[in-house]
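Presented below is the structure to which this report refers.
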Amino acid sequence: MAHPRLYKRVRPSGNMGRAAKIILDPKAPPINCNVVDYSAGGACLEICGQGALPGRFELLYGPIRKKCRVVWTKGIRFGVTF
């Protein structure tokens, strides 16, 4: 039996695609990624062609810029918290 969610997911307002950018250093080129899932406390990101990410970075998702910390990794998907 499925249980209803206690909290609704908070998505950014407006029509936003799945594309986002990871900023490791202001002078380094950003890394392209896809946002699989986005909530108020974190996100699931999918990165192709990139090895490992550092533990902390900034995510640029449309007009939203968040400081992130990696909390889990599974293949090409990364879970981050804000």
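The values are calculated or read from the model by the stated rules, or taken from the named source; none is laboratory data. All values derive from a computational prediction rather than experimental measurement. A quick note on method: Cβ atoms are made from the backbone with ideal geometry, for glycine too, and the neighbour counts reach across all protein chains shown.
The table that follows gives values for the structure above.
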{"read-out": "Neighbours by Cβ (under 6 Å, 6+ apart or cross-chain): first from the range 19-32, surrounded by 14 or more Cβ atoms within 10 Å (Cβ to Cβ); second part of a loop (DSSP other than H, G, I, E, B)", "value": "Lys21/Pro30; Ile23/Pro30; Ile31/Gln50"}
{"read-out": "Tally, over the range 23-47, of residues that are more than 9 Å from the chain's Cα centre (by Cα) and either over 18 Å from Trp72 (Cβ atoms) or among the aliphatic types (A, V, I, L, M) (or both)", "value": "12"}
{"read-out": "Hits in the range 1-45 - residues which are modelled with pLDDT of 80 or more and among the aliphatic types (A, V, I, L, M)", "value": "Ala19, Ala20, Ile22, Ile23, Leu24, Ala28, Ile31, Val35, Val36, Ala40, Ala43, Leu45"}
{"read-out": "Residue in the range 55-76 that is on the phi > 0 side of the Ramachandran plot, of a type in the set (Gly, Ala, Ser) and either assigned to a strand (DSSP E or B) or modelled with pLDDT under 90 (or both) present", "value": "yes"}
{"read-out": "Any hit, the range 46-53, residues being modelled with pLDDT of 90 or more, within 12 Å of Lys21 (Cα to Cα) and not in a loop (DSSP other than H, G, I, E, B)", "value": "yes"}
